[in-house]
2 protein chains.
Amino acid sequence: MGTALDLHRTVRERLSDHGQRYTNGRQELVESLVAAQGPVTLPNLLLARRTLPQSSAYRNLLVMEQAGVVRRLIHNTGHAHYELAEDLTSHHHHLICESCGAISDIELGNRVENALDKAFEDATSAAGFNARHHSIDIYGECVNCSA
Amino acid sequence: MGTALDLHRTVRERLSDHGQRYTNGRQELVESLVAAQGPVTLPNLLLARRTLPQSSAYRNLLVMEQAGVVRRLIHNTGHAHYELAEDLTSHHHHLICESCGAISDIELGNRVENALDKAFEDATSAAGFNARHHSIDIYGECVNCSA
DNA sequence: ACACTATCGGGAACAGTTCTCAATCCCGTA
DNA sequence: TACGGGATTGAGAACTGTTCCCGATAGTGT
């Protein structure tokens, strides 16, 4: 479900709801994020599209993050990683290679996710914490590095 | 199990194994981390012990991180958070308040953790990823902020 | 006590990211 | 199509959390 056209329309709407335009530079960023098939750092985004100025890329990623189009991941790999918001792709978690710092996506399936939600609900409500969403990072060694 | 004396002895050993001494400043840091009862930022550590110079605190936290005594958490809250390594305390996860940025600990219990390990093993081995450990962040609103 | 090395502390340096601001673009209107 | 006005852009400066540097100090083994 959801063609590239759908994606761009949705992005345009969300930006518009925040009083923002869906400019060329922003479209390029979205396309780069789609093409990356996983979280990417800003330097990597710039490598893919040499014409994007750094400051504009940072600014537009921030704008799109605030509009709910982009999600920013922070790990101790030096740079932040960017990906499309989960509701534009699908709920997933991250595998983080401790050797090379690469981050890739992983899905756990509905049954596990439902069990997780229930466990989290039980654990957090006891602490008076109002849980809204979660993210799971699995650390280890990726295929490339274990070779 | 594990008194304060045990903790200090273990820390001393781990540092010693890395050719490092367990100096006064490092002991103060460990005590501050124990007293904090959860992940703390460096500025907060310094507030608790005004005599600790910033550069030494950063350096010693790094040394202790490398010796497996301290764990450093990165989130988009501005500062890194520090806590004692899990094997000096217990396996837990983090509740992160999206309003105030506070981070607190939460435990899920053995049954849930075992189920998680199994689910992660299934999901990662298919991707050829060699999983070593995991961390779960639950985002939402803490007790203070929802009041 | 001595020599030798690890550690300390203050400040400079660094890196990723954000901010500034004049120039440009884009949209709605006529 | 031309115009007015606000959003966006891009280059570089500024900012901020963290790390590095280095002379002074403290601890350890002999």
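The values are calculated or read from the model by the stated rules, or taken from the named source; none is laboratory data. All values derive from a computational prediction rather than experimental measurement. All Cβ positions, glycine included, derive from the backbone under ideal geometry; neighbour counts span all protein chains shown.
Looking at A:Leu29, A:Leu33, A:Leu62, A:Leu52, can you tell me which residue is closer than 24 Å to A:His134 by Cα, in contact (Cβ under 8 Å) with a residue 12 or more places away in the chain and either within 13 Å of DNA strand C (Cβ to nearest atom) or touching a Leu at 6+ places or on another chain (Cβ under 8 Å) (or both)? First the steps, then the outcome.
Values: A:Leu29 fails: closer than 24 Å to A:His134 by Cα; A:Leu62 fails: in contact (Cβ under 8 Å) with a residue 12 or more places away in the chain; A:Leu52 fails: closer than 24 Å to A:His134 by Cα.
Just a single option satisfies the conditions, and that option is A:Leu33.
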* Consider A:Gly109 carefully, then state whether it is away from DNA strand D (no atom under 16 Å from the Cβ) and loosely packed, with under 14 Cβ neighbours inside 10 Å. => yes
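Residue-wise test of (1) of a type in the set (A, V, I, L, M, F, W, C); (2) out of contact with any His (no Cβ under 7 Å at 6 or more places or on another chain); (3) away from DNA strand C (no atom under 15 Å from the Cβ).
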{"site": "A:Arg71", "(1), (2), (3)": "no, yes, no"}
{"site": "A:Asn76", "(1), (2), (3)": "no, yes, no"}
{"site": "A:His79", "(1), (2), (3)": "no, yes, no"}
{"site": "A:Leu84", "(1), (2), (3)": "yes, yes, yes"}
{"site": "A:Ser90", "(1), (2), (3)": "no, yes, yes"}
{"site": "A:His93", "(1), (2), (3)": "no, yes, yes"}
{"site": "A:Ile96", "(1), (2), (3)": "yes, no, yes"}
{"site": "A:Gly101", "(1), (2), (3)": "no, yes, no"}
{"site": "A:Asp105", "(1), (2), (3)": "no, no, yes"}
* Hey, does region B:3-12 have a residue that's surrounded by fewer than 19 Cβ atoms within 10 Å (Cβ to Cβ), touching a residue at least 40 places away in the same chain (Cβ under 8 Å) and under 28 Å from A:Phe120 (Cα atoms)? -> no
* Asked: Checking B:Leu47 against (1) at pLDDT below 95; (2) in a loop (DSSP other than H, G, I, E, B), which single condition isn't satisfied?
  -> (2)
* To do: Would you check if there is a residue in region A:65-78 being within 16 Å of DNA strand D (Cβ to nearest atom), within 22 Å of A:His134 (Cβ to Cβ), assigned to a helix (DSSP H, G or I) and within 16 Å of the chain's Cα centre (by Cα)?
  => yes
* For region B:22-37, does any single residue satisfy the condition of being outside any helix (DSSP H, G or I) and surrounded by 14 or more Cβ atoms within 10 Å (Cβ to Cβ)? -> yes
* Can B:Ser125 be described as more than 16 Å from the chain's Cα centre (by Cα) and at pLDDT 95 or above? -> no
* Asked: Would you pick out the residues in region B:132-147 that are more than 7 Å from chain A (Cβ to nearest Cβ) and loosely packed, with under 15 Cβ neighbours inside 10 Å?
  -> B:Asn144, B:Ala147
